[in-house]
Amino acid sequence: MVLSRFWLVIFISSIVFVAISLFTGNSYSLDFVLNGKKDDPILISEKYIEQVPVFIKDSIKKAKDQTMIINRDTLNADTTYVYKNKTVKIFSGVQKSDGLLPTCKNTLVDLILPLMAYLAFFCGLMELLIISGASEKLAKVLSPVFVKVFPSVPKNHPSISYMTLNFAANFLGLDSAATPFGLKAMESLQELNPEKDKASDAQIMFMCLHASGLTLIATSIIGYRAAANATNPADVMLPCIITSFIGTIAAFLIVGIRQKINFKSASLVVSLMALIAAIVGLLMYVNHLDLIGKNYFTSNLSALILVVIIVATLILSFAKEKKFIEAKTTVFEAFVSGANNGVKTGVTIFPYVLGMLVAISLFRNSGLFEIISNWISFAFSNMGVSKEITDALPVALLRPFSSAGSRGFLIDSMNTFGADSLTGRLSSIFQCSAESTFYVIAVYFGSVNIKNTRYALQTMLLVDLICVITAIFVASWFF
């Protein structure tokens, strides 16, 4: 309910801004908002040849292709004048996001269909883990800790194993596996939820911990930095881990205080210390590797672990074939049944994701996001914040809305200011240390038809803010 109202406000505000822009002669056109395509030149106006300055008119007519480009430098966007059919079309820069109509198409083709494929595959594996009894054993081992963090979840409940696999996948940067495991966790927690359209305490805690984005292997960020010719692409890995870890602890404390969790529990303290020790140990190992070793380790560990999980699941399933016979099924049929449930989940969440992405697209393409972003950067610069930091803020501002959009700003900042600049490195940490909050809420709560998210959104945005502030301090300290 809270989330629906938020997107309604965003949608109406953007529509109003587009209308004002049209009536006041602003550079944003309705066709641009509807049909603009990513990385296409932005058409800001169209004039008759007599209306453009004389020197531009003369230059266009002298050019062979009747095209003129001015303001060409590394910091400002090019302005291009194209003369055709007695009119001059004026373009400036490139579009950073899709229009509304391409967004509708891309949501299905580029997002939902691949997501449904991931859901089908991993939900099939989850069904094998359930019938073979592996998920039950995992839940028994971790119950002492999870019962303290999720007091409303019964001991040995199946959701414990799902949440564990989700956290582990996030921890290792396995995004394709994390979402299916997380959706299964939400479905399992929904069975315990007495108010089906209202988020339970356990679901809020799970969502906030998931969205805090604790990641040990930032493979994609390292890849982007390597493509941008960074001297050491993996040098942001430690700052990313520190920032995301602080965000995770903050999420746990904020929600835990709200839900009155006992932080003095011995099992909880021991588990937290073990997690910290594991992170420190792995960091010490990675830190002693040379540049090639770091890149090789980070790029291969996640993929190797995913292969091990898949192979181990299949071996275990065939070893426990008797349990499948008792369940009156086979390993293959159980996999297909789980995959079918994954596809159904993808169909369920499609309208929620589409509505959210369309609202984001309108918000950005209307120019409203850019104006808000510029004002925030202006306010920070007047507070004495370094320009290198304010130049990286668009990544932090857009990250909760759109991972793809913030990734575009990340790549642009590295290309503009350099991958090894404070702006480039800080942008990388922003991108790595948080989740796409609104996307996550739309997908996870949408999968179980929860409309009232209670205080989940506010908490996740607060954690995002904590991660942004932490990232600034950590980046300033390291670089």
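The values are calculated or read from the model by the stated rules, or taken from the named source; none is laboratory data. Treat the numbers as computed from the prediction; the structure is a model and nothing was measured. For neighbour counting, all protein chains shown are included, and Cβ atoms are generated from backbone atoms with ideal geometry for every residue, glycine included. Accessible surface is based on the protein model in full, side chains and every heavy atom, while ligands, DNA and RNA are left aside. Shrake-Rupley method; radii C 1.70, N 1.55, O 1.52, S 1.80 Å.
Listed by first and then second residue, the pairs linking a residue in segment 239-268 that is touching a residue at least 60 places away in the same chain (Cβ under 8 Å) and of a type outside the set (G, A, S) to a residue that is surrounded by 15 or more Cβ atoms within 10 Å (Cβ to Cβ) and not in a helix (DSSP H, G or I), with Cβ atoms under 6 Å apart and 6 or more places separating them unless they lie on different chains, are C240/A218; C240/S433; T243/S433.
Cβ-Cβ distances below 7 Å connect the following pairs, each with a first residue in segment 129-142 that is in contact (Cβ under 8 Å) with a residue 60 or more places away in the chain and farther than 13 Å from K184 by Cβ, a second residue that is open to solvent by less than 20 Å² (accessible area, probe 1.4 Å) and among the small types (G, A, S), and a separation of six or more residues or different chains: I131/A334; S132/S317.
Here A199 fits the description: touching a Lys or Arg at 6+ places or on another chain (Cβ under 6 Å), modelled with pLDDT of 80 or more, open to solvent by less than 10 Å² (accessible area, probe 1.4 Å) and within 23 Å of T459 (Cβ to Cβ). For G384, the stated conditions hold: it is open to solvent by 50 Å² or more (accessible area, probe 1.4 Å), of a type in the set (G, A, S) and out of contact with any helix residue (DSSP H, G or I) (no Cβ under 6 Å at 6 or more places or on another chain). Restricted to helices (runs of 4 or more DSSP H) entirely inside segment 254-329, those with at least 3 residues that are closer than 30 Å to F150 by Cα, modelled with pLDDT of 70 or more and within 28 Å of the chain's Cα centre (by Cα) are 266-287, 291-319.
Within segment 144-166, track down each residue that is touching a residue at least 12 places away in the same chain (Cβ under 8 Å) and among the hydrophobic types (A, V, I, L, M, F, W, C). Give the derivation first.
Of all residues in segment 144-166, those touching a residue at least 12 places away in the same chain (Cβ under 8 Å) come to 144-146, 148-166.
Within segment 144-166, V145, F146, V149, F150, V153, I160, M163, L165 qualify.
Annotation note: Cβ proximity below 7 Å between a residue of segment 167-179 that is open to solvent by less than 20 Å² (accessible area, probe 1.4 Å) and part of a helix (DSSP H, G or I) and a residue that is at pLDDT 65 or above and of a type in the set (V, I, T) (sequence gap 6+ or interchain) occurs for N170/T215. Cβ-Cβ distances below 8 Å connect the following pairs, each with a first residue in segment 299-314 that is open to solvent by 50 Å² or more (accessible area, probe 1.4 Å), a second residue that is modelled with pLDDT under 65 and part of a helix (DSSP H, G or I), and a separation of six or more residues or different chains: S299/T219.
Out of segment 375-423, which residues are within 12 Å of the chain's Cα centre (by Cα) and of a type in the set (D, E, K, R)? Scanning segment 375-423 gives R399, R407.
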